[in-house]
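The values are calculated or read from the model by the stated rules, or taken from the named source; none is laboratory data. Keep in mind it's a predicted model, so treat the numbers as computed, not measured. Because the Cβ atoms are built from the backbone with ideal geometry, glycine has one as well, and the counts that use them run over all protein chains shown. The accessibility values were calculated without ligands, DNA or RNA, using every heavy atom of the protein model including side chains. Shrake-Rupley method; radii C 1.70, N 1.55, O 1.52, S 1.80 Å.
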Amino acid sequence: MSAVAVLGTGMHPWGKWGRPFLEYGVAAAREALRDAGLEWTDVQYVVGADTIRNGYPGFVSGASYARELGWSGARVASCYAACASGAQALDIARARILAGLCEVALVIGADAAPKGFFKPVGGDRPDDPDWLRFRLLGATNPAYFALYARRRMALHGSTPADFAAVKVKNALAGSLNPMARYRKRVTAEEVLASPMVADPLRLMDICATSDGGAAVVLASQEFARRRSVPFVRLAAVSTVTPVFPNTVLELPDFATDSTAAVPAPERPFRAAIAHAAYEEAGVGPEDVSLAEVYDLSTALELDWMEDLGLCPPGEAEKLLRDGRTALGGSIPVNPSGGLASFGEAIPAQAIAQLVELTTQLRGGAGARQTADARVGLAANQGLFGHGSAIIATV
Amino acid sequence: MTYAIDGWFAHSPEDGARLLGTRCTACGTVCFPPRRGSCPNPRCPGTDMEVLPLPRRGRVWSYTNACYPPPAPYVAAEPYEPVTLAAVELDEVGLVVLGQVKGLTVDQLEVGMELELTSGPLADGPLVWMWGRAS
Ligand SMILES: [Zn+2]
């Protein structure tokens, strides 16, 4: 139905390299083109997922990448949706392909991240809730992750040891991924001894901010079939917004929506993001071979598992403890190593998720390979209500 | 005393601290921070939002702290004491509202515990709403 082909993928290793973001994006793009067996001049449409911390070139990243790769006359788009920027870029490219307006599109995202906590964009901006939550409350991103973690502990009896087990699992996977920034295995003792940042989350429970780049070449299925080589399909891109009233306190908000006049929707936002992707791809949670989820914190990975329907609410810890979400388990979660091993390179992240799904579905993940991978799901959420979920299939 | 933000809360000796939300006169949806213009309920055409002081008490939905000084524009006290934050459920208006917590650390908080609105100064002086022990 609405699928497009993933012809090539590329990444620049995540790290703290201190170089311009364009370098990472172009390296990833060239790798994706090489993987697809295409030239830059074959690309009819280039979409950049923007970065807001790297000056004007970051706001118009599509054109910035096109210029770096050499003006070719390709059509261009640039988009920003915080952590969901990559999914938006994929969706824009997919739509143009499905509309028959182009056959081959290149999607690129890269970031060069500052050190430490993400700060709001500079200046005195009392009309911007992202600025105000720092000014009035000192509420950092980890503070919100910690609120969810504490809530999970209260509702489901999760423990800091459970959270540490997520990090141990993801660090092991990351140690096997040459694109990951953190390649060292860790023990639960190390996680539990790391400094407390936002109670109950410790430093090793929280993802870092990184430099990195990812790119994919998308094409129409007709174009892909003419090449007579198997290809992975991008079967769904969910970019839904929340349904009113959103009863989860979302970053960077001061309050939830009110249920005074309208009852809460059937599905909370994160579950609705996944649901829309399932509907679009015509598959369900039982079909998923592996999942990449946005583990901004260890605890959040457990929430996502339930939101994706991989298990009922409150049972994520059981799957984790039974090793079912580890490499070699029945439903590996974050076989790439996740944000725990990569750190967040915001506009690259959702594209990197598709790179991992594609690698797994091609059977090319080496020691991280999920046996008989047929359906991959990636989920993510951008600030201010940008849903992001992707389903890829063989 | 100046408020760190205008129109989001008020403090008077008689009433104590109250958060100032808005209520849509058409459908009854309540908002915090106060909202002007259109109602957030997608099925409501209402544009008349009246100011509504929110209930003073609620139950802890979740809580945390900031063990390291948050970055600017937050002004951290020196020496720095971890800021405690609580998200508090206000049942009557169906909202969860985040705020700093005054006089309680994370070890003294529990999900479900009752807190009451108060206010207190930021390190550089202006007043902000805070959650405190219920009197
Ligand atoms: Zn209304």
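Structure data summary
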read-out: Per residue value of the accessible surface for the protein assembly as shown (all protein chains in place, 1.4 Å probe), Å²; value: 38
read-out: Whole-Å distance, taken between Cα centres, linking the range A:136-177 and the range A:60-75; value: 39
read-out: Relative contact order for the range B:9-53, counting Cα pairs under 8 Å that sit 6 or more residues apart, in percent; value: 36
read-out: Counting all C-alpha pairs of the range A:282-392, share separated by more than 20 Å (%); value: 33
read-out: The protein assembly as shown: calculated mean residue ellipticity at 222 nm from DSSP helix runs of at least 4, using -39500 (n - 2.57); value: -8000 deg cm²/dmol
read-out: FRET E, pair A:S2, A:T241, Förster distance 22 Å, beta-carbon r, rounded to 0.05; value: 0.65
read-out: Cα-based Kirkwood hydrodynamic radius, chain A, one decimal, Å; value: 20.8
read-out: Kirkwood Rh and Cα Rg combined as Rg over Rh, evaluated for the range B:57-133; value: 0.97
read-out: Approximate spin-label separation A:D322-B:M113, in nm, with each point projected 7 Å along Cα-to-Cβ; value: 3.6
read-out: Amide H within-cut-off set for A:E292, under 5 Å, with H built and near neighbours excluded; value: A:N334, A:L377, A:A378, A:A379
read-out: In range of the label at A:E279: residues from the range A:203-244 whose backbone nitrogen is under 15 Å from the point 7 Å along Cα→Cβ; value: A:236-244
read-out: Nearest-10 value in Å² for the accessible area of A:K318, using the 1.4 Å probe; value: 120
read-out: Accessible area of chain A belonging to carbon and sulfur atoms, whole % at 1.4 Å probe; value: 54
read-out: The protein assembly as shown, dipole about Cα centre (Lys/Arg Cβ +1, Asp/Glu Cβ -1), debye to the nearest 20; value: 1120
read-out: Among A:H156, A:H275, A:H12, residue whose mean-square fluctuation peaks in a GNM of chain A (springs only between Cα atoms under 10 Å); value: A:H156
read-out: Residue with peak Gaussian network fluctuation, chain A [Cα springs, cutoff 10 Å], from A:V240, A:V197, A:V60; value: A:V197
read-out: GNM flexibility winner over chain A from A:N380, A:N334, A:N141 (Cα, springs under 10 Å); value: A:N141
read-out: 12 Å cut-off, amide nitrogen to a point 7 angstrom out along B:A123 Cα→Cβ, residues in the range B:70-99; value: B:70-83
read-out: A versus B: buried accessible surface, summed, Å² (probe 1.4 Å, to nearest 100); value: 3400
read-out: Inter-label distance, nm, simple model (7 Å from Cα along the C-beta direction), A:R226/A:D42; value: 1.1
read-out: Distance from the range A:248-299 to the range B:1-60 (C-alpha centre basis), Å; value: 27
read-out: In degrees, nearest ten, helix A:85-98 long axis to first principal axis of chain A (Cα); value: 40
read-out: Within the range A:71-125, trypsin sites (Lys or Arg not before Pro) in DSSP loop having at most 13 other beta-carbon neighbours inside 10 Å; value: A:K115
read-out: A:A260 long-range amide H proximity, modeled H, under 5 Å; value: B:V30
read-out: Inter-probe distance in nm under a simple model that places probes 7 Å from Cα toward Cβ, at A:E315 and A:R374; value: 2.1
read-out: Shielding by other protein chains, B:82-89, mean Cβ within 10 Å; value: 5
read-out: The range A:92-200 shape via C-alpha gyration tensor axes, a/c threshold 1.5; value: oblate
read-out: Proximal lysine pairs, the protein assembly as shown, alpha carbons under 25 Å, eight or more residues apart or interchain; value: 13
read-out: Chain A: antiparallel DSSP beta bridges as a percent of all, rounded to 5; value: 70
read-out: Shape of the range A:150-292, Cα gyration tensor, a/c cut at 1.5; value: oblate
read-out: Per DSSP, loop GluC sites (Glu not before Pro) in the range B:62-135 with at most 16 further Cβ within 10 Å; value: B:E110
